[in-house]
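Trainee: Mind looking over this structure? Questions follow.
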Amino acid sequence: MNAQKEGGSTGFPACAEKEELLITRRKLPHWQFPGSTYFVTFGLKSGILSKDERKIVLDTIKHFHKSRYLVTTAVIMPNHVHLMLKPVVSESEADFSVSKILQGIKGFSAWTINKSRGTKGALWIEESYDRIVRDYDEFLEKWNYIRENPVKAGLVQAPENYAFLWEPGEPEE
């Protein structure tokens with residue numbers, strides 16, 4: 001994790017160079033800045049995921065952990081996903097883009113789930129919500145939000161009891 005308690009950041013300087021900050025928009029704005037950590041949410045078009053399908057999504061997220069992105073925490077809920085990740089810099093010195101990362105996660109998990117259901121078509125809402133995590137306080141807020149999501153939804157009594165919460169790393173003390 002990049003975040004630090006005192007005076008640290010999550011990779012987003014107060015004044016970014018114009019050439020480094022990429023802003024795109026569909027319905028939602030999407031900001032990308034090299035070295036940043038992102039809080040991401042994406043949802044199902046309709047219905048809910050079974051436990052087996054939630055495991056497929058979680059396994060898909062785990063697959064490229066460390067090679068394309070570093071995951072701080074992820075939770076697969078019955079109808080949406082939250083994760084906090086930092087894209088890895090590739091050998092060509094370029095970050096894997098958040099949009100490409102999500103395209104991979106959503107595309108492969110949808111293909112696998114559709115195959116198991118015997119269905120075709122879009123599983124996920126096309127656009128995702130992503131936000132650059134700007135400081136340590138926000139990092140902890142998003143980390144706790146993700147952890148507590150299954151508790152708030154009444155799925156478990158404690159975050160560690162939820163089978164589809166994954167935390168390969170802990171926030172720095």
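Each value in this text was obtained by applying a stated rule to the coordinates, not by laboratory testing. It should be emphasised that the depicted structure is a prediction, and the values quoted were computed from it without experimental measurement. Cβ sites come from the backbone with ideal geometry, for glycine too, and all protein chains shown count toward neighbours.
Trainee: In nm, what is the difference between 0.36 nm times the number of residues separating Ser67 and Glu138 and their Cα-Cα distance?
Mentor: 23.1 nm
Trainee: Let me ask something additional. Go through 146-155, 52-61 and give me the packing order, highest mean Cβ count within 10 Å leading.
Mentor: The densest-packed peptide leads the list: 52-61, 146-155.
Trainee: Next question. Along each of its three principal axes, how wide is the spread of alpha-carbon positions in segment 51-143, in whole angstrom units, largest first?
Mentor: So the extents along the principal axes, rounded to whole Å, are 43, 33, 21.
Trainee: How far apart, in nanometres, would the label points at Glu126 and Glu148 be if each is projected 7 angstrom from Cα along the Cα-to-Cβ direction?
Mentor: 3.5 nm
Trainee: Another question, then. Could you tell me which of the pairs Lys100/Lys120; Lys51/Lys142; Lys51/Lys152; Lys100/Lys142; Lys115/Lys142 are separated by over 29 angstrom between their Cα atoms in the structure shown?
Mentor: Lys115/Lys142
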